[in-house]
1. With r as the distance between the Cβ atoms of residue 172 and residue 131 and R0 = 22 Å, compute the FRET efficiency 1/(1 + (r/R0)^6) and round to 0.05.
2. Label-point separation (nm) for residue 99 and residue 68, each offset 7 Å from Cα along Cα-to-Cβ?
3. Can you give me the % of accessible surface on region 1-115 that is carbon or sulfur? Probe 1.4 Å, all protein chains present, nothing else counted.
4. On a 1.4 Å probe surface of the protein chains, which of 174, 164, 154 comes out largest in accessible area, and what is the full order?
5. Treat every Asp and Glu Cβ in the chain as -1 and every Lys and Arg Cβ as +1, leave all other atoms uncharged, and give the resulting dipole magnitude about the Cα centre to the nearest 20 debye.
6. Evaluate E = 1/(1 + (r/R0)^6) for residue 45 and residue 11, where r is the Cβ-Cβ distance and R0 equals 45 Å; express this FRET efficiency to the nearest 0.05.
7. Counting alpha carbon pairs within less than 8 Å and at least 6 residues apart, what relative contact order, in whole percent, applies to the chain?
Amino acid sequence: MKKRYWLILVVPALLIVLYFGFLDSVYPEPPKPAVTYAEFPLNAVYIMNGQRHEIKDTIIGEYDGIGWNEGIGKFRKWKLKLKSSGADRLTLVKTKEGDMEIEIFFSLGHAEYLMGDPEKDRNYKQNYPSSPLISKKEGNMTSTSLFTSGELTEKYNIRILEWETSQPIQNHFEEES
């Protein structure tokens, strides 16, 4: 009787190990990047409620190891953050309207593009500023959506004047020998 319990535990564990070993051979690790860290100066100027605001910061791009996706297998993971705050987005406004918390922000963009990863379509062009996003949180419910054209100016009286970042880096990826 005790042998059956042992088989019930060992056989599934062995099958899982064999399965992941098979996947590892079918989906080899992508080459590691030569450049794993880069800084991209950011200068943004906007007008909100008639007041001119300027943000000078740095976007940091970092290699974050290898990820797994059922559709594409293994891939290089990247992350972007602001040097000043460590945030993964550039927040223009954080306010409260009644019980609702509202945040208006911009995505920092695609890390793959900025870090010169060839997995990102070479014809892709970073569109700064990207479409602004609005996050509304009420209690435990949070919804995030894109602004429609002109809504940022019409509803929140915010107008982007300048948005400058440096160009993506040229990176190299070589197989380990």
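1. Numbers: r = 32 Å, r/R0 = 1.44.
Given R0 = 22 Å and the Cβ-Cβ separation, E is 0.10.
2. Using points 7 Å along Cα→Cβ, the separation is 4.2 nm.
3. The nonpolar share, carbon plus sulfur, comes to 58 percent.
4. Most to least solvent-accessible, the answer reads 154, 174, 164.
5. On the way: 22 positive and 25 negative charges, 118 e Å.
That gives the chain a dipole magnitude of about 560 debye.
6. 0.10
7. For the chain, the relative contact order is 25 percent.
The values are calculated or read from the model by the stated rules, or taken from the named source; none is laboratory data. Since this is a predicted model, take the numbers as computed values, not measurements. Glycine also receives a Cβ, built like all others from the backbone with ideal geometry; neighbour counts cover every protein chain displayed. Heavy atoms of the whole protein, side chains included, go into the accessibility calculation; ligands, DNA and RNA do not. Shrake-Rupley method; radii C 1.70, N 1.55, O 1.52, S 1.80 Å.
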